[in-house]
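S.K.: For reference, the structure I am asking about is given below.
The values are calculated or read from the model by the stated rules, or taken from the named source; none is laboratory data. Worth saying up front: this structure is predicted, and the values here are computed from it rather than measured. Cβ placement follows ideal geometry from the backbone for every residue including glycine, while neighbour counts extend to all protein chains displayed. These accessible areas exclude ligands, DNA and RNA; they are computed on the full protein's heavy atoms, side chains included. Shrake-Rupley method; radii C 1.70, N 1.55, O 1.52, S 1.80 Å.
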Amino acid sequence: MTNDTVVDITAKDSLEFSPTNTVVRDRNGSSLGAYFNVICVVAGTGTLQLPLTLEQGGWASIFLMMICGTIAVYTGNLLIKCLYYNGRSRLPDYPSVGYAAYGRFGQNFIRFFHYTILLGASCIYIILAGVNLHDLLLRAGVNLDPKIWILISAVIVWIPFVALKSLKEFVWLSVFGVLTTFIVIMVAVVEGFLDLPNQQENTHQFIVPSGIPIALTSIAFSFGGNAIYPHVEVAMKNRHSWNKTLALSIFTIFLMYLLVSVSGYYVYGNTTLSPIYANLPQGAATIVAIAMITVHVVLAAPLNLISFSNEIEIIWNINDTCYTPLKAFALRFVLRSFIMVLLTVVGVFLPYFGPLMSLIGGLGYPIILFLAPIALYLKLFGVRSMGWPERIWCLFITFIAIIGLVLGTKDAIIQLIKIKNQ
């Protein structure tokens, strides 16, 4: 590994360097800020589909949530350990770990799925925000083409994307994003229990064996955040608190998931829908829930996009050292605006984007979230760095990832066939 691909952390541990060993940012972000960034990007729209997951797998799915939350903490820590594998330097991003472990092939393999997840998820968020805005404003008598609302959503996402340099500057927006998610959960819980007297005939099951695989897949992906973790950790002043910060973030997300899924399934049982607000009585509270989840996805999209653009900017040396601050900002502005234009065009004009993204996600998420951190860690540190209990644990995670690969890919192919035959 050459010095132009790593970050020197021995002499100046508080600074980050580009691949050419020039300073690109200070480590002055707080652990609390990292905590909110992780929650904002991980606890997204998956929150609203988890009650259906309990309906698919039964009450036993709660145990699956505990397992998947534990896996999320474990693989997230493995990935960050890989960034510091040689004890002297920090790799700048996820694809660089692939290069350190498996050379150019490893870098390109990780980069393809890593970038696809970051950009694809952002595009899906923009589309979802546009559709939600269309539905909300339609209730108020404003009837515009959904494509126009997608364009408006893209502009709203574009503003913080071009204005904020890194994730450490996104903290307060992340706090607001977490708050909106909590409001959505509380609306779903309160409105659900108010509707309980009308749902007495619904049934529940402790376990549905045939639904466990798909429930497991949905839950596992709801804890996925590895794609942005290197960019969250790099801004932390105290990088040694990462393990504790990640564990606390995932535990908070687990409690949020537990609250909305248990209450939703308890009230609606076998009639549970996704998203859960489709079950709720239509009224002001439900409108608030839709509005809040729209705000959340609008705030989550820039988190993914900033993570992606930061990696491109490192590759192209777009920083305040290689250029004047004004010129560096101008280059970032042009690059990020171009990225946003491409995503908007795809979201508005590509009819098969959703199913295609599901296909790539069905392949990419199990790799990026579960398989890759284990494979990269074993390559860089060696199998002997793990005891037998940890090796068995890794085999169990691999088993879950393979289930996700098979089921996610199968469902995406079925969607594509249905659309093609329509």
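S.K.: If I filter segment 75-105 down to residues being over 15 Å from S385 (Cβ atoms) and among the hydroxyl-bearing types (S, T, Y), which single residue comes out as surrounded by the fewest Cβ atoms within 10 Å (Cβ to Cβ)?
M.R.: Only one residue fits best here, namely Y102.
S.K.: Could you grab me the full set of residues in segment 319-332 that are crowded, with 17+ Cβ neighbours inside 10 Å and touching a strand residue (DSSP E or B) at 6+ places or on another chain (Cβ under 9 Å)?
M.R.: Passing the criteria: only N319.
S.K.: Looking only at segment 158-170, which residues are touching a residue at least 12 places away in the same chain (Cβ under 8 Å) and out of contact with any strand residue (DSSP E or B) (no Cβ under 7 Å at 6 or more places or on another chain)?
M.R.: Residues of segment 158-170 touching a residue at least 12 places away in the same chain (Cβ under 8 Å): 158, 160-162, 164-168, 170.
Correct list: W158, P160, F161, V162, L164, K165, L167, F170.
S.K.: Right, something else. In the set A285, A227, which member is part of a loop (DSSP other than H, G, I, E, B) and closer than 28 Å to G130 by Cα? Talk me through it step by step, then tell me what you get.
M.R.: On the way: A285 fails: part of a loop (DSSP other than H, G, I, E, B).
Exactly one of A285, A227 is part of a loop (DSSP other than H, G, I, E, B) and closer than 28 Å to G130 by Cα, namely A227.
S.K.: Does segment 111-133 hold any residues that are touching a Leu at 6+ places or on another chain (Cβ under 8 Å) and either within 30 Å of V234 (Cα to Cα) or open to solvent by 30 Å² or more (accessible area, probe 1.4 Å) (or both), and which are they? Explain how you work it out, then say what you get.
M.R.: If we filter segment 111-133 for residues that are touching a Leu at 6+ places or on another chain (Cβ under 8 Å), which is where we start, we get 113, 118-119, 122-123, 126, 130.
Result: F113, L118, L119, S122, C123, I126.
S.K.: When the residues of segment 259-294 are narrowed to those that are open to solvent by 50 Å² or more (accessible area, probe 1.4 Å) and at pLDDT 90 or above, which ends up nearest to I67 (Cα to Cα)?
M.R.: L259
S.K.: List the number of the failed condition for P302; all other conditions in (1) assigned to a loop (DSSP other than H, G, I, E, B); (2) touching a Phe, Trp or Tyr at 6+ places or on another chain (Cβ under 6 Å) hold.
M.R.: (1)
S.K.: Right, here's the next one. Would a scan of segment 53-60 turn up a residue that is among the polar types (S, T, N, Q), open to solvent by less than 30 Å² (accessible area, probe 1.4 Å), in a helix (DSSP H, G or I) and in contact with a Ser or Thr (Cβ under 9 Å, 6 or more places away or on another chain)?
M.R.: We begin by selecting, within segment 53-60, every residue among the polar types (S, T, N, Q); these are 53, 56.
If we keep only those that are open to solvent by less than 30 Å² (accessible area, probe 1.4 Å) as well, we get 53.
Retained after the next criterion (residues that are in a helix (DSSP H, G or I)): 53.
Checking which are in contact with a Ser or Thr (Cβ under 9 Å, 6 or more places away or on another chain) leaves us with 53.
Scanning segment 53-60, I find at least one residue that is among the polar types (S, T, N, Q), open to solvent by less than 30 Å² (accessible area, probe 1.4 Å), in a helix (DSSP H, G or I) and in contact with a Ser or Thr (Cβ under 9 Å, 6 or more places away or on another chain), so the answer is yes.
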